Amino acid sequence: MVGRPALAARAVWTVLLTVAVLGPALLGGAALAVTRGREAGRRHLYRRSTILLMRLGSTFVKAGQVLGTRRDLLPPEFCDELSVLQDAVAPLDEAGTRRAFVEAYGVAEPDLFTELDPRPVASGSVACVYRGRLPGGQEVALKLRRPGVERLMTLDLALMRGGAALMARLPIFRDVPVNEVMRHMSEAVLGQLDFAREAASLRRLRANLSTVPRVWVPLVHEAASRPRCIVMEYIPDLDVDTARRCPPALRKRFASSGLTAIYHMLFVDGFVHCDMHPGNLYFTRGGQIVVLDAGFSVQLSEQLRRLFAEFFLNMSIGRGRHCAEIVVRSGTGLRADADVEGFLVRMADLVERSHGLPAREFSLIAFAGEMFDLQRRHGVHAAPELIFPLLSLLVIEGTVRELDPGMDFQEVAKPVLMRGLFGRRQAA
């Protein structure tokens with residue numbers, strides 16, 4: 001339960017900071033719109049709004065990261081700005097570390113570990129990571145939740161829900177499912193506090209991806225883990241620049257393995273890690289891909305998994321009308337003035353044009369952006385359950401393109417789609 005005095009104090013601080021940042025941003029945006037055009041003015045406002053989220057703190061950064069995926073609702077330029085949001089939180093000091101261990105284990109120095117380095121090796125808005133060793137000699141990484149983070153995020157999300165309820169009443173947001181988007185965003189943010197669920201997600205991903213060559217999901221040590229701390233195998237020498245220093249042949253192998261792993265999640269298992277940005281995706285000099293941090297994972301229903309797979313299969317062979325019909329079938333509904341036939345025609349054209357593009361010219365982000373624009377203009381509401389999995393592809397596209405600019409996303413999907421659509425049918 002959120003206390004009213006604490007909520008009121010947090011609300012006052014949030015409003016004052018918002019006014020202090022957005023007030024000048026609105027004036028600056030208006031001036032740029034006059035001198036350089038509306039697009040420059042909007043860009044300035046989007047950039048300042050992103051800066052505001054960073055200054056408001058970790059909950060707002062997490063919320064911005066999630067909202068930046070909603071290209072079906074927000075302008076693409078705003079999503080581009082939100083996509084650069086990254087956690088920039090100082091690591092816990094010695095006192096904070098001791099408090100976090102007491103909250104997780106009841107004592108500051110748990111005897112479950114024969115060695116425990118009190119200095120964090122990594123830091124985020126929700127947790128810090130420490131290095132330790134179990135009595136059996138296994139070197140482990142401890143993802144330890146920050147003390148007090150639950151209360152702060154609960155306060156902030158309560159404020160956001162109140163703001164969303166007010167926005168939903170405004171005529172300008174009449175056709176936008178504001179409260180539904182807020183609900184999904186809150187679930188995504190709070191889900192990253194549920195370490196028991198994240199540990200279960202890591203175990204599930206490790207089992208699911210065991211059939212995909214060269215993909216490594218760390219083993220979770222269940223007996224040593226707690227609701228506020230995940231203990232997993234320590235993977236040494238993780239460096240975001242490893243792939244850049246590898247020869248071209250190995251870089252192409254990384255790209256193919258990473259894309260195949262995402263496709264396997266989407267089309268075969270339906271259990272999807274939705275946040276495979278460079279901070280959660282690493283490459284080893286031995287040619288393996290390491291997947292970390294499963295706090296933002298979703299389970300597709302069997303129906304949506306099949307629809308998602310059918311959409312990509314039809315897209316990979318250029319059957320535009322079938323793709324358009326799947327989008328309508330999988331959506332959450334239609335606006336009162338929806339133009340379904342107009343959407344079907346233009347969506348079919350988009351698929352057919354994209355199918356004809358050379359691999360180097362096809363962009364998932366551009367494709368998804370045009371599709372969402374068509375949905376907005378023709379009144380076809382996208383299913384939020386499909387937006388987050390699609391995010392997993394959009395997030396990894398930049399990494400894959402950097403590793404292998406000629407990667408054919410549609411061609412790599414085909415064998416995985418066959419397993420997802422027909423392998424399961426045979427198993428049933």
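The values are calculated or read from the model by the stated rules, or taken from the named source; none is laboratory data. Worth saying up front: this structure is predicted, and the values here are computed from it rather than measured. Positions of Cβ are generated from backbone atoms using ideal geometry, with glycine treated the same way; all protein chains shown enter the neighbour counts.
A few comments on the model shown:
- Residue among V66, V61 that is under 25 Å from the mean Cα position of the chain (by Cα) and either within 25 Å of L374 (Cβ to Cβ) or among the aromatic types (F, W, Y) (or both): V66
- Some residue of segment 133-144 being more than 28 Å from L27 (Cα to Cα) and acidic (D, E): yes
- The lone exception for Y105 - which of (1) out of contact with any Lys or Arg (no Cβ under 9 Å at 6 or more places or on another chain); (2) within 18 Å of R226 (Cβ to Cβ) it fails: (1)
- Hits in segment 124-150 (condition: without any contact (Cβ under 8 Å) to a residue 60 or more places away in the chain and surrounded by fewer than 16 Cβ atoms within 10 Å (Cβ to Cβ)): R133, P135, G136, G137, G148, E150
- Sole exception among (1) more than 30 Å from F367 (Cβ to Cβ); (2) assigned to a helix (DSSP H, G or I); (3) touching a residue at least 12 places away in the same chain (Cβ under 8 Å) for A63, by number: (1)
- Test for P236: is it under 30 Å from A413 (Cα atoms) and part of a loop (DSSP other than H, G, I, E, B): no
- Residue in segment 205-224 that is under 30 Å from M160 (Cα atoms), surrounded by fewer than 15 Cβ atoms within 10 Å (Cβ to Cβ) and outside the structural domain of Y282 (by TED's automatic domain parsing) present: no
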